[in-house]
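Inspection log for the structure reproduced underneath, given as structure tokens.
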Amino acid sequence: PRPVKIFCLKVDMDNRAVRLKTIVAPDPDGDGPAESQLLPPLWLALSNGVVAAVNANAFGGPVDSAGKENRSWITGLPATLLGWVASEGKTLNPPKSNLKSFWIDPEGRPHAGDPVEDQPVVEAVAGFGPLMRGGDIVVQPSETRHPRTGVGYDRAGRFVYLVVADGRQKEYSEGMSLYELAEFMKAIGCWEAVNLDGGGSSVMIVADGT
């Protein structure tokens, strides 16, 4: 037993007043190597008028003349997007087979895994690997616990679940293993689920309604 704070958003995909959207920070160098930049998540949420947001893709930083990558979290740092990113029907970064994806099709239904060639898509993000496939947990038990972010959906594809577990905070929230995250997502009704970027990147932002 240990303290763990878990936050879950349940999205009804049949509610046409609500939609999922991929938000990407502006490209800082045009045709240069970066596709995005590091900006505070709250700034991204406020500037896009969202009701709620979680983090998604991992990122890569710029490489210096010695070939060393800068992955320090510095506001404005140019960043490359790791894995599939699509927003409003436009692909900003292609899928990669080693980074499992989550996407929304033109009918507004969720999908997870490896997209097929020429997959119609409206919004897409990528994580590191699957947590659940066909209702089964596909990760192994582990004692490695960190902050976690996951996305999943039920068997009918109606409800999407965005889950964030706080971690690395003794006596407040010590984090979860991937297996524990998968167990939680199965318990709340997920049929398919993907592990998104975690650790220091895990964040959930929810508007306070005022």
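The values are calculated or read from the model by the stated rules, or taken from the named source; none is laboratory data. All values reported here derive from a predicted model rather than from experimental measurement. Every residue, glycine as well, gets a Cβ built from its backbone with ideal geometry; the counts of neighbours run over all protein chains shown. Protein only, heavy atoms only, side chains kept; ligands, DNA and RNA dropped before computing areas. Shrake-Rupley method; radii C 1.70, N 1.55, O 1.52, S 1.80 Å.
The table that follows gives values for the structure above.
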| item | result |
| --- | --- |
| Inter-label distance, nm, simple model (7 Å from Cα along the C-beta direction), ASP118/TYR172 | 5.1 |
| Potential extension, TRP43-ASP31 segment - 0.36 nm per residue separation minus Cα distance | 1.9 nm |
| Per-residue [θ]222 nm for the chain (sum of -39500 (n - 2.57) over DSSP H runs n ≥ 4, rounded to 500) | -2500 deg cm²/dmol |
| Relative contact order, percent, region 162-210 [alpha-carbon distance under 8 Å, six or more residues apart] | 35 |
| Å² per residue, accessible surface of the chain at 1.4 Å | 54 |
| Surface share of carbon and sulfur [accessible, 1.4 angstrom probe, percent] for the chain | 52 |
| Total lysine pairs under 24 Å (Cα atoms) in the chain, excluding pairs fewer than 8 apart on one chain | 12 |
| Volume per residue of the C-alpha convex hull in region 68-141, rounded to whole Å³ | 147 |
| Kirkwood-based shape ratio for region 88-210, expressed as Rg/Rh from alpha carbons | 0.98 |
| For ARG71, solvent-accessible area (1.4 Å; no DNA, RNA or ligand), Å² | 120 |
| Residue-span extension gain [ASN70 to ALA207] - 0.36 nm each, minus C-alpha spacing | 46.1 nm |
| Per-residue SASA entry for THR75, accessible area with 1.4 Å probe, Å² rounded to 10 | 90 |
| Spin-label zone in region 172-210 - amide nitrogen under 20 Å from a point set 7 Å from the Cα of ARG155 along the C-beta vector | 182-194 |
| Rel. contact order, % - alpha carbon contacts under 8 angstrom, at least six apart, region 4-116 | 20 |
| In Hz, Karplus ³J(HN,Hα) per residue of region 196-204 (6.51, -1.76, 1.60; θ = phi - 60°; x = Gly, Pro) | 8, 4, x, x, x, 7, 5, 7, 10 |
| Average Cα contact separation per residue, the chain, under 8 Å, 6 or more apart, as relative contact order % | 25 |
